[in-house]
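Throughout, read-outs are computed from the coordinates displayed, never taken from laboratory work. Not measured: the values here are computed from a predicted model. Virtual Cβ from ideal backbone geometry, glycine too; neighbours counted across all protein chains shown.
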Ligand SMILES: [Zn+2]
């Protein structure tokens, strides 16, 4: 079964990095601990949090709710911790999930991308994807490359 996550707002940047790898990492803003726990249980998500109080809850200590305490500040190191602890893969499904809203991306034909992306991007890129929810368009541009360079670096450091 595919592992999915519920990321506490105190580790929101971690969610973006997990999405970059292709993992389903949901963030709910404005939810108190009880609601977070209920949602993670209902949807079968692993709760990722920096809140030590949640980790002391009985539902976590008896193992009914799987939760991981995120121990560092740097989102990249947080990602590293989660990948290692959960046995994830850096090659899971890159370029498949919207970094902003966690929805799967769908392929957008080059024809359909015309007029929706800057002309320079249109002529230099061949592959476009679009978020089905927020309609944001993704291509393998500078930002994406930068994030992936950091993933490559993490891979090299961890040997995973
Ligand atoms: Zn989106």
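Computed quantities for the displayed model
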{"read-out": "Ranking of 128, 122, 5 by count of other Cβ atoms within 10 Å, fewest first", "value": "122, 128, 5"}
{"read-out": "Angle in degrees between helix 75-86 and the longest Cα principal axis of the chain, rounded to the nearest 10", "value": "60"}
{"read-out": "Candidates 71, 81, 125, ranked by Gaussian network fluctuation over the chain, Cα under 10 Å, top entry", "value": "125"}
{"read-out": "Ranked 110, 129, criterion: other C-beta atoms within 10 Å, fewest first", "value": "110, 129"}
{"read-out": "Hull-based mean projected area of the range 5-86, where the convex hull spans the alpha carbons, in square nanometres", "value": "4.8"}
{"read-out": "If the convex hull is drawn through the Cα atoms of the chain, its volume per residue in Å³", "value": "123"}
{"read-out": "Computed over the range 5-86: relative contact order in percent, which uses C-alpha pairs under 8 Å that are six or more apart", "value": "32"}
{"read-out": "Cα extents of the range 105-158 along the three principal axes, largest first (Å)", "value": "40, 25, 14"}
{"read-out": "Candidates 76, 135, 42: whichever shows maximal mean-square fluctuation once the chain is modelled as a Gaussian network with Cα springs under 10 Å", "value": "42"}
{"read-out": "Max mean-square fluctuation residue, GNM over the chain, Cα-Cα springs under 10 Å, options 112, 51, 24", "value": "112"}
